[in-house]
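So the structure is just underneath, and the comments pick up after that.
The values are calculated or read from the model by the stated rules, or taken from the named source; none is laboratory data. Because the structure is predicted, anything quoted here is derived from the model rather than measured. As a convention, Cβ positions derive from the backbone with ideal geometry for all residues, glycine included, and neighbour counts pool all protein chains shown.
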Amino acid sequence: MLYRIWDSMSNRNYKKEYANYHSKPTQKVNRAGRNKARKIVMKAGGTAKVAGKDVHHKNGNPRDNRAGNLTVASKTANRSFKRTRTAKKLTRRI
């Protein structure tokens with residue numbers, strides 16, 4: 001079973017993925033914003049603070065690098081919720 005998962009991952013076409021998505025001007029600006037946010041947090045709190053973690057944009061906008069909008073979160077917590085316009089965790093009411 002694990003072999004099948006690994007085999008399907010190895011067939012990923014990174015060149016095509018970059019050409020279709022990552023090379024778009026909007027995505028380049030967003031990526032630059034995320035990289036800049038990481039540098040801002042590293043400068044403010046040191047590299048140990050962000051080692052192995054993600055810099056989370058509270059409002060979900062990678063171009064908004066205000067200090068009040070940036071927090072450090074574990075990779076699991078930062079990537080565990082669906083992206084919405086409000087960038088908040090979706091909770092179910094019972």
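For this structure, a couple of remarks:
- Restricting the first member to the range 24-43 and to residues that are surrounded by 13 or more Cβ atoms within 10 Å (Cβ to Cβ), and the second to residues that are in a helix (DSSP H, G or I) and not polar (S, T, N, Q), the beta-carbon pairs closer than 9 Å and six or more apart or on different chains are GLN27/TYR21; ARG38/VAL50; ILE40/ALA67; VAL41/LYS49; VAL41/VAL50; VAL41/ALA67; MET42/LYS49; MET42/VAL50.
- Selection of helices (runs of 4 or more DSSP H) fully inside the range 1-59 by the criterion of at least 2 residues being at pLDDT 90 or above and under 19 Å from ALA77 (Cα atoms) returns 25-45.
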